[in-house]
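The values are calculated or read from the model by the stated rules, or taken from the named source; none is laboratory data. Quantities reported herein were computed from a predicted structural model and do not represent experimental measurements. Glycine also receives a Cβ, built like all others from the backbone with ideal geometry; neighbour counts cover every protein chain displayed.
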Amino acid sequence: MFGDLSGMMDKLKQAQQKVEETKLRLNTVLIDEEVSEKLKITITANREIKSIHIDPSLLEDAEELEDYLVVAMNNAIQKASAINDQEMAAAAKDGMPNIPGMDLFS
């Protein structure tokens with residue numbers, strides 16, 4: 001009914017390995033988000049913050065700094081999530097065995 005079960009298990013292991021490799025690779029994909037040339041955030045595609053650069057002029061106005069941080073972080077996370085989702089879906093789809101009726105990634 002399902003064909004070669006051992007072959008499918010091997011394919012699933014390969015898919016899992018490919019997903020893990022993709023996770024590691026996404027740690028090296030950096031996304032920079034800049035707000036008004038006064039604040040720059042760099043995060044990985046796995047949504048880990050790597051650096052934050054704050055222009056000294058922002059240190060005088062906490063409210064403005066907070067607003068810029070929220071905007072920059074939300075934008076960076078949104079971009080990183082889109083890249084992460086796309087790459088992880090591709091990694092999972094490439095490694096999945098062909099099981100009739102189980103087209104999960106269309």
**Message:** Go through the stretch 1-49 and report how many residues are in a helix (DSSP H, G or I), hydrophobic (A, V, I, L, M, F, W, C) and at pLDDT below 85.
**Reply:** 5
**Request:** Scan ALA80, ALA45 and give me the residue that is surrounded by 13 or more Cβ atoms within 10 Å (Cβ to Cβ), closer than 30 Å to MET9 by Cβ and either among the charged types (D, E, K, R) or touching a residue at least 40 places away in the same chain (Cβ under 8 Å) (or both).
**Result:** ALA45
**Message:** Tally up the residues in the stretch 26-42 that are over 11 Å from ASN84 (Cβ atoms) and either within 19 Å of the chain's Cα centre (by Cα) or buried (at least 16 other Cβ atoms within 10 Å of the Cβ) (or both), please.
**Reply:** 11
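Any residue at all in the stretch 72-81 that is outside any helix (DSSP H, G or I), at pLDDT 95 or above and among the hydroxyl-bearing types (Ser, Thr, Tyr)?
No, the conditions are met nowhere in the stretch 72-81.
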